[in-house]
Structure formats: C-alpha cells, structure tokens
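Undergrad: So that we are looking at the same thing, I have put the structure below in structure tokens.
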Amino acid sequence: MNHLPGWVRRHVAALRALLVLTVVTGVVYPLAATGAAQALFHEKANGSRVQKDGKTVGSALIGQSFTDEDGNPVRKYFQSRPSAAGDGYDPTSTSASNLGPEDVVDTLPVPGAKDGEGNPDEGRRSLLTQVCARSKAVGELEGVSGARPYCTPDGVGAVLKVFPAVGAPARAVSVNQACPAVPFTATYRGVKVECAMPGEDYGAGRTVPVRGNATRPAVPADAVTASGSGLDPHISVAYARLQAPRVARERGLPLARVTALVEAHTTGRSLGFMGEPAVNVLELNLALDQS
Amino acid sequence: MGSAAAGALFAGSLIVALALAYRPLGDYMHRVYTSPRHTRVERAIYRLAGISPDAEQRWGAYARAVLAFSALSILFLYGLQRLQDRLPLSLGMRPVEPALAWNTAVSFVTNTNWQAYSGESTMGHLVQTGGLAVQNFVSAAVGMAVAIALVRGFARRKAETLGNFWVDLVRGTLRVLLPIAFAAAILLVAGGAIQTFAEHGTWTTLTGGEQAFTPAAAASQEAIKDLGTNGGGVFNVNSAHPFENPTAWTNWIEIFLLTVIAFALPRTFGRMVGDDRQGYAIVAVMATIFTASLVLTNWAELSAGGTVPQAIGAAMEGRETRFGVSNSAVFASATTLTSTGAVDSFHDSYTALGGGMLIFNMLLGEVAPGGVGAGLYGMLVLAVITVFAAGLMVGRTPEYLGKRVGPREIKLASLYFLVTPVLVLTGTALAMATETGRGAMLNGGPHGFSEILYAYASASNNNGSAFAGVSVNTPFHNTTLGLCMALGRFLPIVLVLALAGSLVRQAPAPVTAGTLPTHRPQFAAMVAGVTLVLVALTYLPALALGPLAEGIR
C-alpha cells in the first residue's frame, strides 16, 4: 500500500476506521443494549403493552382516540387531547401542529369551490380558531361554558381586519366569521363590523384580535391544544375531573367511584418536582371497562 | 407545589448535578486524552484500520484526517440510505431520495442531525442503527478531538504536533461516549423507552380502531443522540415521543446527558493547561449564559404572551402533559445552547419571545456549553478575541495562557467567528428572496420569517432543531441547508486547527505584572460581554424582523 499517494492512503485508512467503528457502535452497541434491555425490562423494551381479556389493546405510553367512526367522542370514555398525528393518534405519522402564537386568521372555505384534487374546498383553520372550536365542543360535551378570551360565541377566533392598516379605521371585518354569520361585535371604534366574504383577500388590513370579557375558562388548556408528539397518553387532572361526571352518568356509576379511579390513575410529579401531574387515559378507560 | 416552583427545582437540580459531574468527568476525560497507554481493544482497532497510534500529527495532517474521515462518512451514509431497500432490516422502506439522502448524510456527519424526513416512515433499522447512530458517536468524538487538539495548542510549548486524530477519535468513542451511552440507554428503558428490532405490528384499540406499533432501537439511539449533542431521533417527533422520552424523570436524564460532557470539558482544559482556574473561568461564562437563558425562556413561556397562548391560558400547544410548560422550556433552552437539536416540545408553537430566545441561543454560536467539543473550542476562540480586545484597550500585546495572540492568531479567530453569520444571513436572505425559499413557511408574517431564520441558524450552527412547521424537504432547502451544515462545521474546524498549529509552536511568555489574568471573574465577565455584544451586533436586524416584531406590542 505504501506505493499509493498520500491522499489515497489517508482515505483508505479513514474508510477502514469508519468500518471498524461502525461495527463497534452500529452493531455491537445496539445489540448489547437490546440484549440487556430485553433481559432486564422485557415488557418496557417492547412497548409497555396493555391487555384486555388477554388481547393487546394498546401501549400504556401511546395515547388513543376514544371516538367513533365519524370522529365523535364515545361518551362512556374519557377523551384524550387533540392530536396532530395523522387523523389523530397515528404512530406512523407523529407530528405537532407547529402553528405559531399569532396564527389567528382563517382561510374560509369558498362554497362550491374545489381544491387541487377535486375535493370540496375546506379552507384553513388558524390555531386560534381550532382552540376556540375545541373549547366550544368540549364545553357542550361536558355541560360547561366553552368561552375563552379571543373566541367568538360561535367558536372561532375573534379577530378583526381593520382598514386602512394605519390611521383611523374606515372599515372592519370579522375575518373568521363567514357571512351570513352575525359578527361577534357590532362596532369597532365607531365603525360597523361586517361578516367575512369567503374568497375575498383581507390581507391588506391590520389584524386586531379582540380579547372579549371571558375570564378563567372552564375547559382546561390541555383539552384545547395538540401535544408535541400527537401521541400524548395523558390529560391533566383538571381535564379528567371535568369529564368525570359525564362518564359516571353514561356508565351509571356513582361519581365518587369514577373520581376514585381518576385518582388511582394519576401520576404525580416524578420525585415530587419533575414534570406535571397527569392522568393516563387508556389505563383509566380500561379500568372503567373492567370495573 | 406550584408549577413555577417545581420548574425552578427541576432546573436547579440539573445545575447542581452538572456541577457535581464537572470534576470527576473532566478529570476522567483528561486521563483519556493524555494517557500514553492503549487498551487491548483499541490496539485491535488500530491494527484493523491500519493506523499507527503513536505517530503524532501536525495541524495540517490532523485536519486532513478529520476531513478524510468526514468525507468518507458522508459517502458511506449516503450509500446506505440509497441502497436500504436491497439491504437487510429495511422494514420495507424504499431508497431515500438523492437530495434528502445528501442532506441527511451531511446532517449526521456534521453533528447537526437536521431531519427533513420522518424517521418512522423513511428509515429502516439498518440505516438508523448502522448509519445514523454510528455518526451520532463518531461526529461527537470528532468534535471532542478537535477541542482537545486546540487545548494541546495552548498546553504544549515550542512543539510541532497536536496529537493523533485517530487515537483521539477512538478513545473519545470507546472510553467516553460508549460507556455513558450504554448505561443511559438501559436507564431510559427502565423508564419505558423501547429497545427492539421487531417488525411493525398493529393492535386493536379500545374503540375498535387499528393502531400501529412502531418498533425501534429507540433507547440506544436516544442515549447517544443526547450525550453526543446530535439530536436526530428515530421518530419524527423526536424526544416528545413517549417511546423516546416516556416520563418526566427520563426528560431530566436526557437534558443532563445533552449538557454533561460540554460542561465538563473546561475541567479537562484546565487540567491540560496545568491551571484548574482557567477551566473554572470558562465554565463560569458558560454557566452564566446557560442559567440566564433558562430563566428568560421560562419567563417567556410561563407568562404565555401572544394571542393564542392567552386564549389557551398556557403555552400548551405542542407540549406534552407529562412534561408541562416549564420543563419543556428547560429542554428547549438546553438543546439550542448545545448543538443538540433534539426537542421534547415544538418550538414553532413557542411564544414569540420564547422562540426568539431559542434562536438567540443558537446564534450565540452554541458556546454555553455548546456541542461536545465544539462548545469548548468556540468558547476558547471567543476568549482569544476577548484578550485581543482587552490588549487593544491597554496597549499591550495580548496573551492567552502565555501564548501571544499575534496577527495570524487573531485573523484565524476572527474568520472563525465570521463563518456562521455569513452562512446564516446569506442563507436566510437567499431563501427569502426566492419563491421556492419562501414557500417553505407554514405560518405567515414575522413568524414565517422566524421559521426561515431558525432553519438557517440551526443548520449553520449544526444544531438541527427547527421551527418544524417549515417544509424543507425540497431540493432547494435540502441543498442550501446541506451546504450551510457542511461549511458551518468544517470551515471552523480547519480554522481552529490552524490556530492550534500556530499556538503550539510558541514558547509561553513569562507571566509579569502586566499580564492580563484570565482566571478571574473580571475576565469571565468580559468573555460573556464580548460574546453577547458580537452576537447582538451581528443579528439584531434579523431578530427584529422575526421574533421581536411578533412579540413586542
């Protein structure tokens, strides 16, 4: 090999080093870790599966949708958080929504229009409208108020586009409320507020979210937001408590019994200070089915 | 206990644990890189690879070895992805598209681990463990080797050589990364992370639906992706995935892993230059910036500024229930202050100022504590610039650790600093100026600009995290971001090694009454000041267009 030029020898040495290190870190290391993991923590290494009547029904770590085929909540089950993973809790396409804190203006669907694939135009719902719509739906399901700051009573983002963008307003449109909806507020600084015409471009206006007078929402934060993984197996203790009366009613169980099960499936903070207390939804529902 | 108090304890306990690890781990790494003895396994590796471990290299030879090894790594990883359908353990995945395969190969070899793809639906077991995870080890070991070579430049007197790259590479991998990663992997499995080479499966859910089981060697890869400040997860949602990061305490472990080596390396530096106090000064700068960033990010997130967080009542979009807002913010800070880029929550949905803080962390050049190795050499270059600035003020030839900072040294240090701003700002400008470039934005307005700025900041600084709404799996972005990653990694490395080469030749100047002491709080404060001022001056206009425009009312 010594008759080869220096740069060739250097690259041959690099290749040999890479291959040897690939064997050490890419074959020996993962196999040794797998061997040890499977021997020491067999169940966990294989996905912490939970069973019902001897059949695997899921993983304690992976959330599930408790909805029917049309996506409506199955009322006897505690509901998970909203999910951006595929059609919801799809482990093959895990995702967050990635929508930002000022994503507040919808693109309203134009009636009769088709998208690129020939399906009816669905528009695009902003994160704010998604939050408002979820809050309204959860409120209705649980029999509490779904009102939140920056949300209209009909469950979209309370956002105005004001024209001109600078100076005294001459025109104001409630951009997320398609006509013939009644705008959430009649006037903005003396100007009559219009409903929005789907398809019209309001991009030139100034965006003015309107806070409204809703105070502490009855529907908790985790109930109206998608998680990071889209597979969050937990809900907050507050969201579980909100759902308990409905589940008890649907199942004909005393509320105390359901609340006790919620308690039993609540994990506190690790070591008392890490993370947040959380309720495992699948395990809780499974316990309800088996009680 | 309230959420804020628990969050403060979480961050505080991490800082205490890192402080406790500083001496033992730093001393251990000092022994690893200075011991004259090779272990039996290492000798076998050197024989198989045809390397003579006792041959010392000048800076040029050291740099050529780094570049040869990295070039071969890129080719190998590219080939592995392109041919995965013909190799075993592919889980039925198709070959990865050329532009994406190039981007991913560069990304993992440069310790960036930018992921323009979704792991669970693109890569089989072989590419994940035999390709990507291998680079998680060796790219980290390369960073540490370069840092050690620079330290030798300060420590050796009137010498020519900086050590042997192959020995530094193998020792870093075998003696530092492998044992810690192995122990951490088992710990993560104990928490619930999966570790299996099984095939895909499905189960029927409680309501009768089908749900897939996505098997992976997740724990072994998670451990090294954090420890080596890599960040490339087996799953699309990275460390937010319950199979990678199942509990609040595994979350703590993962943050610890991604900061522990970078925080302990200043100790190794202090030991090698024969003055522990020099290490304390450097780690003090790192710890100060680190703590300030944790506090500011937490403040921004817990105060939930912005329309949507106010409507929600808490910045919970893109956060996992088990972690909550505060611990997610700690992870986000740590991952952007190191070159990790792993995420346990989604930065795109952070408040404007919280997300802006994360961009700022990366723009600092990732020096507090920074990537393994890269953080230390970045901070030492900033220290060189600081002594130069201080020397100008008092009209004296600047010296650092007895080595004169002459024209050649300061040119190399300045060039080092200029590389990333040029890449970040040119890349962002190019993307904003073209239709395809802008097309990647998910959000509109200033937030869309932040997505693009974040992407080029992340690639050029070899971080790898993203405002993940950005759609960068296009030929334009795969190519330009790939170039940013490659140039952002290897230009600084060559400049650092050249600097080391010119330092190592000098005989140290004697300490006199006029020597600037570089172990006192005053010097640490000056380094921190220089870091912040340089970055602020460079990037303020860009930050004003994105996060500041969005967050300040």
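A short reminder: the numbers here are calculations on the coordinates, not readings from a lab. This one's a predicted model, so the numbers in the text were calculated from it and none came from an experiment. Note that we place each Cβ from the backbone using ideal geometry, even for glycine, and neighbour counts take in every protein chain shown.
Undergrad: Points 7 angstrom from Cα along the Cβ direction at B:Glu210 and B:Met432: gap in nanometres?
TA: 4.7
Undergrad: Then there's this: For A:Val27 and A:Asp115 in one chain, what is 0.36 nm times their gap in residues minus the Cα-Cα distance, to one decimal in nm?
TA: 26.9 nm
Undergrad: State, as an integer percentage, the relative contact order of chain B based on alpha-carbon contacts under 8 Å between residues 6 or more apart. Write down the numbers at each step before the final one.
TA: Details: 1007 pairs, mean separation 109.1, N = 553.
Computed over chain B, the figure is 20 percent.
Undergrad: Further question on the same structure: Going by how many other Cβ atoms sit within 10 Å of their own, how do A:Val144, A:Val159 line up, fewest first?
TA: A:Val144, A:Val159
Undergrad: When you count, for each residue, the other Cβ atoms within 10 Å and take the mean per peptide, how do B:463-475, B:376-388, B:332-344, B:189-201 rank with the highest first? Let's see the in-between values first.
TA: Numbers: B:463-475: 23.0, B:376-388: 26.1, B:332-344: 30.8, B:189-201: 21.0.
Per-residue mean Cβ counts within 10 Å order the peptides as B:332-344, B:376-388, B:463-475, B:189-201.
Undergrad: If a/c stays under 1.5 just call it rounded; otherwise compare a/b with b/c (prolate if a/b is bigger, oblate if not). Do that for the protein assembly as shown, with a ≥ b ≥ c from the square roots of the Cα gyration tensor eigenvalues.
TA: prolate
Undergrad: Among the lysines, which have Cα under 17 Å from the Cα of A:Lys192 when same-chain residues fewer than 8 positions away are ignored?
TA: A:Lys161
Undergrad: Here is a further query. Past 22 Å, Cα to Cα: identify those pairs from A:Lys114/A:Lys136; A:Lys76/A:Lys136; A:Lys52/A:Lys76, in the order given. Walk me through the numbers on the way to the answer.
TA: Details: A:Lys114/A:Lys136 28 Å; A:Lys76/A:Lys136 20 Å; A:Lys52/A:Lys76 17 Å.
Correct reply: A:Lys114/A:Lys136.
Undergrad: Follow-up. For the residues A:His11, B:His241, A:His265, what sequence is obtained by ranking on other C-beta atoms within 10 Å, fewest first?
TA: Going from least to most buried by this count: A:His11, A:His265, B:His241.
Undergrad: Can you tell me the FRET efficiency between B:Arg396 and B:Val533 if r is taken as the Cβ-Cβ distance and R0 is 22 Å, rounded to the nearest 0.05?
TA: The computed FRET efficiency comes out at 0.55.
Undergrad: Could you work out how far helix B:276-302 tilts from the main Cα principal axis of chain B, as a 0 to 90 degree angle to the nearest 10?
TA: 30
Undergrad: Taking 0.36 nm per residue of sequence separation and subtracting the Cα-Cα distance, how much length would be gained by fully extending the chain between B:Ala544 and B:Arg47, in nm to one decimal?
TA: Length difference between fully extended and current span is 173.4 nm.
Undergrad: Along the Cα-to-C-beta direction of B:Leu415, a point sits 7 Å from the Cα; which residues of segment B:48-78 have their amide N less than 19 Å from that point?
TA: Only B:58-68 fall inside the zone, counting backbone N under 19 Å.
Undergrad: What is the order of A:Asp70, B:Asp275, fewest Cβ neighbours within 10 Å to most?
TA: Least crowded to most crowded, the residues run A:Asp70, B:Asp275.
Undergrad: Using the beta-carbon distance between A:Ala181 and A:Leu253 and R0 = 56 Å, what value does 1/(1 + (r/R0)^6) give for FRET efficiency, to the nearest 0.05? Walk me through the numbers on the way to the answer.
TA: Details: r = 40 Å, r/R0 = 0.72.
Calculated transfer efficiency: 0.90.
Undergrad: If you don't mind, there's one more thing I want to ask. Along segment B:352-364, what does the Karplus equation 6.51 cos²θ - 1.76 cosθ + 1.60 (θ = phi - 60°) give for ³J(HN,Hα), rounded to whole Hz, x for Gly and Pro?
TA: 4, 6, x, x, x, 4, 5, 5, 4, 3, 5, 5, 4
Undergrad: Report the gain in length on full extension from B:Met1 to B:Gln522: 0.36 nm times residue separation, minus Cα-Cα distance, nm rounded to one decimal.
TA: Details: separation 521, 0.36 × 521 = 187.56 nm, distance 3.81 nm.
Separation in residues times 0.36 nm, less the Cα-Cα distance, equals 183.8 nm.
Undergrad: Okay, moving on. Roughly what would the spin-label model give for A:Ala260 and B:Ala513, points 7 Å off Cα along C-beta, in nm?
TA: 8.4
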